[in-house]
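The values are calculated or read from the model by the stated rules, or taken from the named source; none is laboratory data. Because the structure is predicted, anything quoted here is derived from the model rather than measured. Here Cβ is always computed from backbone atoms with ideal geometry, including for glycine, and neighbour counts include all displayed protein chains. In case anyone asks, the SASA skips ligands and DNA or RNA and just uses the protein heavy atoms, side chains included. Shrake-Rupley method; radii C 1.70, N 1.55, O 1.52, S 1.80 Å.
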Amino acid sequence: MTITRFAPSPTGYLHVGNLRTALINWLVARKAGGRFLLRFDDTDPERSKAVYAEAALADLDWLGLVPNEVFRQSDRLEDYGKAAEALRASGHLYECFETPEELELRRRAQRATGRPPVYDRAALRLSAAEKEALRATRPGHWRFRLDGARTEWTDGILGDVSIDSSSVSDPVLIRGDGQVLYTLASVVDDLDMGISDVVRGADHVTNTATQIQIMAALGAAAPRFAHHSLLTGPSGEAL
């Protein structure tokens, strides 16, 4: 069955670019006699507000884009924790301790010598004693270890896409305060909800390569992906 999803973050009101994505996903599901799901990506408790979620529901209803089901990521934190444990056990998730300031200094040094500002995996060289000492002074965050190979897929809009994962930093999936970030939560949701087609903006292309690798690490096949162009203002600026 064709199952699509629209997954806004309730950190502000929807704009026409968001609604264009919702419309495309609704049309794909409707044409195939499938299901259209609404999922609120609300794992950030400080920025996510109920008023924005309620407004999004009202907007979709006014447009006639009524979802078959509504989910909230804040209700699924236990599932993300289980996925994270599986990734730790398989060696795909590793703990890091750099502060934002330390990372920025490294990026500047890399740029100054003509190197891409990619995370250098310094945390993997820490001994158990060094990690223990760092934990006493600061919380650790968790990165997914990319395999360094090219990730390829046939995009429903862009055609054949190939991303060199060695040119991308290992993504942070869990912050030092324990907050699960979008990259992991979205993967777990798409797999658990049986999403067959992920249709979203072209600004997610690199993120898709990472998520395909996370899905493989969890022992699952990726859905079909399609990345549409973004709506911009008259000078190319974001709406």
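Of the residues contained in segment 50-69, none is found to be closer than 23 Å to D190 by Cα and within 18 Å of the chain's Cα centre (by Cα).
Against the test of being modelled with pLDDT of 95 or more and either over 27 Å from D177 (Cα atoms) or surrounded by 11 or more Cβ atoms within 10 Å (Cβ to Cβ) (or both), the options A109, A55 yield a single qualifying residue, A55. Within segment 14-25, the set of residues being under 15 Å from A58 (Cα atoms) and either in contact with an Asp or Glu (Cβ under 8 Å, 6 or more places away or on another chain) or not in a loop (DSSP other than H, G, I, E, B) (or both) comprises L14, V16, N18, L19, A22, L23.
Condition check for A29 on (1) open to solvent by 60 Å² or more (accessible area, probe 1.4 Å); (2) touching a strand residue (DSSP E or B) at 6+ places or on another chain (Cβ under 6 Å); (3) among the small types (G, A, S): one failure, at (1).
Residue-wise test of (1) closer than 24 Å to E46 by Cα; (2) in contact with a His (Cβ under 9 Å, 6 or more places away or on another chain); (3) open to solvent by 60 Å² or more (accessible area, probe 1.4 Å).
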{"site": "Y80", "(1), (2), (3)": "yes, no, no"}
{"site": "A83", "(1), (2), (3)": "yes, no, no"}
{"site": "L93", "(1), (2), (3)": "no, no, no"}
{"site": "L105", "(1), (2), (3)": "no, no, yes"}
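With respect to being of a type in the set (K, R), open to solvent by less than 80 Å² (accessible area, probe 1.4 Å), out of contact with any His (no Cβ under 7 Å at 6 or more places or on another chain) and part of a strand (DSSP E or B), R143 fits the description.
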